[in-house]
Amino acid sequence: MFKINDNYLKLQGSYLFSTIGKKVKAYREANPDKDVISLGIGDVTLPLAPEVIKSLHAAVDEMGEADTFRGYAPDLGYEFLRQAIAENDYKARGADIAIDEIFISDGAKSDSGNIGDIFSVDNRIAVCDPVYPVYVDTNVMAGRAGIYMENEQRFSNVIYMPCTAENDFVPQLPDERPDIIYLCFPNNPTGSAIGREELQKWVDYALNVGAVIIYDAAYEAYITNAAIPHTIYECEGAKKCAIEIRSFSKNAGFTGTRLGFTVVPKELKCGEVMLNSLWARRHGTKFNGAPYIIQRAGMAVYSDEGKKQVREQVAYYMKNASLIRERLIAAGYTVYGGINAPYIWLKTPENSTSWEFFNLLLEKANVVGTPGSGFGPSGEGYFRLTAFGSYENTVAALDKIAQI
Ligand SMILES: Cc1ncc(COP(=O)(O)O)c(C=O)c1O
């Protein structure tokens, strides 16, 4: 008789956004006259930039000609794209990353979930609390998280690092010693960012205790403050202890198009073994490449005109973020984030729980947001709004929130 991976049975609840979806559907059915606006899910709304579309069309035409048709992509991704990434995302920031340290993928969710394949099940992970749920769930699936402790809403073998207003939503170094540390800055869900010196502390700590940092920089394009590092490799020694994960989803609207990459420096070793070789093997064995057409579209993001166009898209969302911040503060809310990230993290009023505030917002303002408690126990009493809606919808939502 076959056996299942019973670690899957330890996964908690249904996915946060499907729970929200069900609640919103029920509300809409019961109130068909109400216009519900969602500032909940972190998906973009602007169409792809014209330069990206131009590249997509040209690449499609290439695929229709015998001379320019492409089959399987190289394991690590096309060199033209890896070269552009090395120059624009790293060299331009003073980080020397070689093109064979860059692995093109279909996005940051897959990479942040799959990276665990190259680590032993015996590693202890540390995550921020609240956290992007993929890091915890994929470690549960791998059998690395231990058992779920209902009362504490935590897994027994995971080190949770609370991120609350008291520490500016940047975790303190943990008391217990982790082997793998997940950090995400600018952060989803809290919208917080980490300064260069603070990030250097984490790099020094990881080097000191022999841990590896998985650094998710999916929201790097939203950084506005010059003191915030765009890549962990701006920190000294990071190439010896950090893997960085990036996405084209939030900087260039590729959420439905799918493109991302992971950097695994060759200096990052466990004894004599390079993690780069392990990830190359994993990538070559289990992944057959992001489509040529999409990698060409990714190239357009690095052209002069493409850069200008995607910067305008990010600015559009950040205008929403500023508006949400200002209007909520004016309405008396305590608000965080939204300055170097497209997420606004607010304290729920009058000590209401995250789900109580969700219900209030849905029923009184017909606005959908995301309960902070869905991202971890330290998210209780907080609430996330995203800046990814249209400007018009954002204004309309804020008008309604102001009337509660
Ligand atoms: C922190 C973080 N990492 C990764 C992702 C997923 O990115 P991608 O669309 O590239 O899979 C998201 C998406 O919301 C995210 O918030």
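The values are calculated or read from the model by the stated rules, or taken from the named source; none is laboratory data. Because the structure is a prediction, the values reported are computed rather than measured. Note that we place each Cβ from the backbone using ideal geometry, even for glycine, and neighbour counts take in every protein chain shown.
Structure data summary
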read-out	value
Hits in region 97-125 (condition: of a type in the set (Gly, Ala, Ser) and within 16 Å of the ligand (Cβ to nearest atom))	Ser105, Gly107, Ala108, Ser110, Ser112, Gly113, Gly116
Residue count, region 359-391 (criterion: polar (S, T, N, Q) and under 17 Å from Ala331 (Cβ atoms))	1
Qualifying position, being more than 17 Å from Val212 (Cα to Cα) and either polar (S, T, N, Q) or at pLDDT below 95 (or both), among Glu152, Glu197	Glu152
Restricting region 17-53 to residues that are away from the ligand (no atom under 16 Å from the Cβ) and among the polar types (S, T, N, Q), the residue that is farthest from Val134 (Cα to Cα)	Asn31
Test: Asn88 is out of contact with any helix residue (DSSP H, G or I) (no Cβ under 7 Å at 6 or more places or on another chain), under 16 Å from Phe261 (Cα atoms) and of a type in the set (S, T, N, Q)	yes
Cβ pairs under 7 Å, 6+ apart, first in region 277-296 and outside the structural domain of Gly116 (by TED's automatic domain parsing), second among the β-branched types (Val, Ile, Thr) and not in a loop (DSSP other than H, G, I, E, B)	none
Residue under evaluation Arg311, criteria (1) more than 22 Å from Tyr90 (Cβ to Cβ); (2) surrounded by fewer than 16 Cβ atoms within 10 Å (Cβ to Cβ); (3) not assigned by TED's automatic domain parsing to the domain that holds Ala206, criterion not met	(1)
Selection count, region 54-83, where residues are away from the ligand (no atom under 16 Å from the Cβ), within 24 Å of the chain's Cα centre (by Cα) and either farther than 18 Å from Asp106 by Cα or not in a loop (DSSP other than H, G, I, E, B) (or both)	2
Close pairs (6 angstrom Cβ cut-off, 6 or more residues apart or separate chains): farther than 13 Å from Asn139 by Cα in region 5-16, modelled with pLDDT of 90 or more anywhere	Leu16/Gly374
Residue list for region 359-404, restricted to those being assigned to a helix (DSSP H, G or I), among the hydrophobic types (A, V, I, L, M, F, W, C), farther than 18 Å from Gly338 by Cβ and touching a Lys or Arg at 6+ places or on another chain (Cβ under 8 Å)	Leu362, Ala365
Tally of residues being without any contact (Cβ under 8 Å) to a residue 40 or more places away in the chain and not charged (D, E, K, R) across region 374-404	3
Residues of region 271-283 that turn out to be touching an Asp or Glu at 6+ places or on another chain (Cβ under 9 Å) and either within 16 Å of the ligand (Cβ to nearest atom) or farther than 22 Å from Tyr233 by Cβ (or both), as a count	1
Total residues in region 40-94, condition surrounded by 13 or more Cβ atoms within 10 Å (Cβ to Cβ) and under 30 Å from Gly21 (Cα atoms)	9
Checklist (1) closer than 24 Å to Ile228 by Cα; (2) out of contact with any Ser or Thr (no Cβ under 7 Å at 6 or more places or on another chain); (3) surrounded by fewer than 19 Cβ atoms within 10 Å (Cβ to Cβ) applied to Val131, failing item	(3)
Qualifying residues in region 326-336 (those that are outside any helix (DSSP H, G or I) and of a type in the set (A, V, I, L, M)) - the one surrounded by the most Cβ atoms within 10 Å (Cβ to Cβ)	Val335
Index of the failed condition, Leu268 passing every other in (1) within 16 Å of the ligand (Cβ to nearest atom); (2) on the phi < 0 side of the Ramachandran plot; (3) touching a Leu at 6+ places or on another chain (Cβ under 7 Å)	(1)
Extreme residue, surrounded by the most Cβ atoms within 10 Å (Cβ to Cβ), among residues of region 284-306 that are touching an Asp or Glu at 6+ places or on another chain (Cβ under 6 Å) and closer than 15 Å to Asp111 by Cβ	Ala290
Those residues of region 185-219 which are within 16 Å of the ligand (Cβ to nearest atom) and in contact (Cβ under 8 Å) with a residue 60 or more places away in the chain, in sequence order	Pro186, Asn187, Asn188, Pro189, Thr190, Gly191, Ser192, Ala193, Ile214, Asp216, Ala218, Tyr219
